[in-house]
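Asker: The following block contains the structure, expressed as structure tokens.
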Amino acid sequence: MRTDLPARAALLLAALALLAVVAVAGVSVGTRAIAPAEIWRAFADYAGSDDHLIIRDVRVPRTILGILVGAALGASGALIQTLTRNPLAEPGILGVTAGAGFAINLGGALGLAGSQSAQLMLAFAGSVLAVLLVYSVGRTSPLRLVLAGVALSSVLAGLSLGMRLMLPDVFDRFRFWSVGALAGREQMSHTIPLLAIGIALVAAMAVARPLNAMVLGEQVAHTLGGHTARTKLAVLVLVTLLAGAATAVAGPITFVGLMIPHLARRLAAGSIPWLMAYTMVLGPILLLVSDIGSRVLLPTGEVPVAVVTAFLGGPVLIWAVRRYGAASL
Amino acid sequence: MAARLTAQDITLGYGERVVSEHVNLDVPDGAFTAIVGANACGKSTLLRSFVRLLRPSAGTVGFDGRDVNGYRPKAIARQIGFLPQGLVAPENIVVRRLVARGRYPHQSMLSTWSAENERAVQEAMAAAGVAELAERSVEELSGGQRQRVWVAMVLAQETPYLLLDEPTTFLDITHQYQLLKLFARLRDEGRTIIAVLHDINQACRFADHVVAMKAGRVVAEGAPADIVDAELIEEVFDLPCVVVPDPVTGTPMVVPTA
């Protein structure tokens, strides 16, 4: 409502400011110590030194990657939790993660997953196919959708595991992808997945208002004049695009999609458009903070970011289970 | 006066199962119509067809001479409001924000919250008696309060037609009467009310027009005093009874025998 706008906008601006700080930190902090003045010069007075190269070719792309992947995971989590009215849903529940993992394993077994971009395409295709399968089985109700997603995920995970046990080199290749990380993934071209994420984020804002009616239940949304079938389909397409692209780029970092919508929901107080906006800022903050943590936590080297987000997300998940429990399922 | 909302020879069902066949009904304008009947007689199904939740497999539900399914969803949603059963509010939502959702059909994708919307929400909350709960979280309200909040939501929709599916279920007798009086007042202000009611005595007391259904058919309709007698109740509910005048209002009152 009109009276809420200043408070909500102020909160969003504060979150954006925090994101800016975290992004600057993401460019500044790393295993190689670089003086702040040198960081500034990397942009203002580029000389092509090692430090400048690290800043411009590694840390900046990695930070941008983190922002878009974090926003995509947060937004897709918020969308799927809203649509299924299930606070424990996350994008992986539609089979996105298992589908991507299976495709990479299968591709590896068939000798197709040689390059990083081949892996990226395999992962994305696997995500999309898995969701299509889940949707065709479970489209009649949110509960069926979730059950179909969980069932397919288990089957695909089992098949993937079987392939990895039988084929050691598939296992080796999968290990790198499966940890979920931003490190080492900033070097390849991500133009297409990042563009897809950007467009999907804008579209996610556009479905937020119809979802505002949808959360009152499908009957109410329908009699309020909503296009319920169209909205549901749009949400599923967007979740697949966002989570599929994010997973393809950075591997499975599922906790962001699970926990960020919980935090954002407290702030949004029932408004889906604001929920979407908050998740798109808080998701990148969590991912970048985790990524910075992954660089500095161990003196010997990097911890994969998914390990750090899980570390931060674990307690939040336990809190959510205690708070909502089985009643919401 | 010709009815604006009509069912013309409609057949309703779910998949292969036919619930109602050849139902004709003209909903009287500006009146309070109660649909009564035993469980599973098709009264909720009929209501659902009026709000496009169920498409008739034959026949037409018409509004102003046009098929209700032919309207743009938001256009028909500005004419006909509906309160279904078993509603669950989203978590963390305060009353006024839930009520504000009733303005959905009056908003476009990019429109901002207008003074007109705010007025409608305030009036709806006042009418439903939930204005003082405006800042409370819906989750922490009692069942009766929550039901009135949902009523406020559908009132904020500001539709001339208001359809209610068993709106008094799960409420204690005081809250039931409060709600029915509210609907009667809305009728007095010019709205058309159509409610599925379980309690035949309440239907007789508050409704101008009673539609009695059995096994998917309309067996009788008319003013309560004209149609409700022991014979009809026996036929519709399979319940031996006597019908006496209500000591307060003089409307028919059903008293089961033995």
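Asker: Could you please give the count of residues in region B:98-109 that are more than 9 Å from chain A (Cβ to nearest Cβ) and more than 24 Å from residue B:48 (Cα to Cα)?
Answerer: Within region B:98-109, residues that are more than 9 Å from chain A (Cβ to nearest Cβ) and more than 24 Å from residue B:48 (Cα to Cα) number 1.
Asker: Looking only at region B:83-97, filter to residues that are more than 7 Å from chain A (Cβ to nearest Cβ) and under 21 Å from the mean Cα position of the chain (by Cα); which one of those is modelled with the highest pLDDT?
Answerer: If we take residues in region B:83-97 being more than 7 Å from chain A (Cβ to nearest Cβ) and under 21 Å from the mean Cα position of the chain (by Cα), then B:83 is modelled with the highest pLDDT.
Asker: Could you look through region B:98-120, keep only residues that are more than 16 Å from residue A:214 (Cα to Cα), assigned to a loop (DSSP other than H, G, I, E, B) and among the small types (Gly, Ala, Ser), and pick out the one that is modelled with the highest pLDDT?
Answerer: B:114
Asker: Run down A:251, A:283 and say which single residue is at positive phi and open to solvent by less than 30 Å² (accessible area, probe 1.4 Å).
Answerer: Checking each option against the conditions leaves just A:251.
Asker: Can you report the number of residues in region B:76-97 which are part of a helix (DSSP H, G or I) and farther than 24 Å from residue B:196 by Cα?
Answerer: Here the count works out to 3.
Asker: Residue B:148 is checked against (1) assigned by TED's automatic domain parsing to the domain that holds residue B:135; (2) in contact (Cβ under 8 Å) with a residue 40 or more places away in the chain and fails just one. What number does that condition carry?
Answerer: It fails just one condition, (2).
Asker: Hey, can you tell me all the residues within region B:181-222 that are basic (Lys, Arg) and over 19 Å from residue B:238 (Cα atoms)?
Answerer: If the condition is that a residue be basic (Lys, Arg) and over 19 Å from residue B:238 (Cα atoms), then B:181, B:185, B:187, B:191, B:205 are the ones that fit.
Asker: Now a separate question. Scan region B:121-132 and report the pairs whose first residue is farther than 16 Å from residue B:147 by Cβ and whose second residue is in a helix (DSSP H, G or I) and not hydrophobic (A, V, I, L, M, F, W, C), with Cβ atoms within less than 7 Å and a gap of 6+ or a chain change.
Answerer: Between residues of region B:121-132 that are farther than 16 Å from residue B:147 by Cβ and residues that are in a helix (DSSP H, G or I) and not hydrophobic (A, V, I, L, M, F, W, C), the close pairs are B:121/B:96; B:121/B:103.
Asker: OK, next. Residue check: is residue A:260 part of a helix (DSSP H, G or I), more than 14 Å from chain B (Cβ to nearest Cβ) and closer than 25 Å to residue A:95 by Cα?
Answerer: Yes.
Asker: A further question on this structure: Taking the condition at pLDDT 95 or above and more than 14 Å from the chain's Cα centre (by Cα), does residue B:156 pass?
Answerer: Yes, satisfied.
Asker: Could you list all residues from region A:253-267 that are touching a Phe, Trp or Tyr at 6+ places or on another chain (Cβ under 6 Å) and either under 14 Å from residue A:284 (Cα atoms) or free of Cβ contacts under 8 Å to residues at least 60 places away in the same chain (or both)?
Answerer: A:264
Asker: Listed residues B:242, B:236, B:210; which is within 17 Å of the chain's Cα centre (by Cα) and aliphatic (A, V, I, L, M)?
Answerer: On inspection, the qualifying residue turns out to be B:210.
Asker: Given (1) at pLDDT 85 or above; (2) open to solvent by 20 Å² or more (accessible area, probe 1.4 Å); (3) not hydrophobic (A, V, I, L, M, F, W, C), identify the lone condition not met by residue A:189.
Answerer: Tallying (1) at pLDDT 85 or above; (2) open to solvent by 20 Å² or more (accessible area, probe 1.4 Å); (3) not hydrophobic (A, V, I, L, M, F, W, C), residue A:189 fails exactly one: (1).
Asker: Quick one: residue A:231 ticks every box in (1) touching a Ser or Thr at 6+ places or on another chain (Cβ under 9 Å); (2) within 19 Å of residue A:140 (Cα to Cα) bar one, so which box is it?
Answerer: Every listed condition holds for residue A:231 apart from (1).
Asker: Moving on to the next point. Please specify each residue of region A:40-53 satisfying the condition of being open to solvent by 40 Å² or more (accessible area, probe 1.4 Å) and either basic (Lys, Arg) or closer than 19 Å to residue A:295 by Cβ (or both).
Answerer: Residues satisfying the conditions are A:41, A:50, A:53.
Asker: Is at least one residue of region B:183-197 part of a helix (DSSP H, G or I), over 17 Å from residue B:83 (Cα atoms) and in contact with a strand residue (DSSP E or B) (Cβ under 7 Å, 6 or more places away or on another chain)?
Answerer: No - not one qualifying residue is present in region B:183-197.
Asker: Which of the following residues is farther than 18 Å from residue A:80 by Cβ, part of a helix (DSSP H, G or I) and not basic (Lys, Arg): A:181, A:151, A:125?
Answerer: A:125
Asker: Counting only residues that are open to solvent by less than 70 Å² (accessible area, probe 1.4 Å) and modelled with pLDDT of 80 or more, which one in region A:112-122 is farthest from residue A:80 (Cα to Cα)?
Answerer: Out of the qualifying residues, it is A:118.
Asker: So, one more: Sort out which residues of region B:65-75 are in a loop (DSSP other than H, G, I, E, B) and either within 7 Å of chain A (Cβ to nearest Cβ) or among the aromatic types (Phe, Trp, Tyr) (or both), and write them in order of number.
Answerer: Of everything in region B:65-75, just one residue is in a loop (DSSP other than H, G, I, E, B) and either within 7 Å of chain A (Cβ to nearest Cβ) or among the aromatic types (Phe, Trp, Tyr) (or both), namely B:71.
Asker: Can you pull out every residue in region B:38-67 that is free of Cβ contacts under 8 Å to residues at least 60 places away in the same chain, aliphatic (A, V, I, L, M) and surrounded by 21 or more Cβ atoms within 10 Å (Cβ to Cβ)?
Answerer: The one that is free of Cβ contacts under 8 Å to residues at least 60 places away in the same chain, aliphatic (A, V, I, L, M) and surrounded by 21 or more Cβ atoms within 10 Å (Cβ to Cβ): B:61.
Asker: Moving on to the next point. Just need a number here: residues in region B:121-158 that are within 12 Å of another protein chain (Cβ to nearest Cβ) and either in contact with a Gly (Cβ under 7 Å, 6 or more places away or on another chain) or part of a helix (DSSP H, G or I) (or both).
Answerer: Residues meeting the conditions: 10.
Asker: When the residues of region B:209-251 are narrowed to those that are among the charged types (D, E, K, R) and not in a strand (DSSP E or B), which ends up surrounded by the fewest Cβ atoms within 10 Å (Cβ to Cβ)?
Answerer: So the residue we want is B:238.
Asker: I'd like the residue in region A:1-39 that is in contact with a helix residue (DSSP H, G or I) (Cβ under 8 Å, 6 or more places away or on another chain) and among the hydroxyl-bearing types (Ser, Thr, Tyr) and, out of all such residues, is surrounded by the fewest Cβ atoms within 10 Å (Cβ to Cβ).
Answerer: For region A:1-39, the residue satisfying everything is A:31.
Asker: Could you please find all residues in region A:216-242 being within 9 Å of chain B (Cβ to nearest Cβ) and crowded, with 21+ Cβ neighbours inside 10 Å?
Answerer: Correct list: A:216, A:220, A:221, A:222, A:223, A:224, A:225, A:226.
Asker: If you don't mind, there's one more thing I want to ask. Can you tell me which residues in region B:17-43 are in a strand (DSSP E or B) and more than 13 Å from residue B:217 (Cβ to Cβ)?
Answerer: Once the filter is applied, which keeps residues that are in a strand (DSSP E or B) and more than 13 Å from residue B:217 (Cβ to Cβ), region B:17-43 yields B:17, B:26, B:27, B:32, B:33, B:34, B:36.
The values are calculated or read from the model by the stated rules, or taken from the named source; none is laboratory data. Note that this is a predicted model, so its numbers are computed, not measured. Backbone-built Cβ (ideal geometry, glycine too); neighbour counts: all protein chains shown. The accessibility values were calculated without ligands, DNA or RNA, using every heavy atom of the protein model including side chains. Shrake-Rupley method; radii C 1.70, N 1.55, O 1.52, S 1.80 Å.
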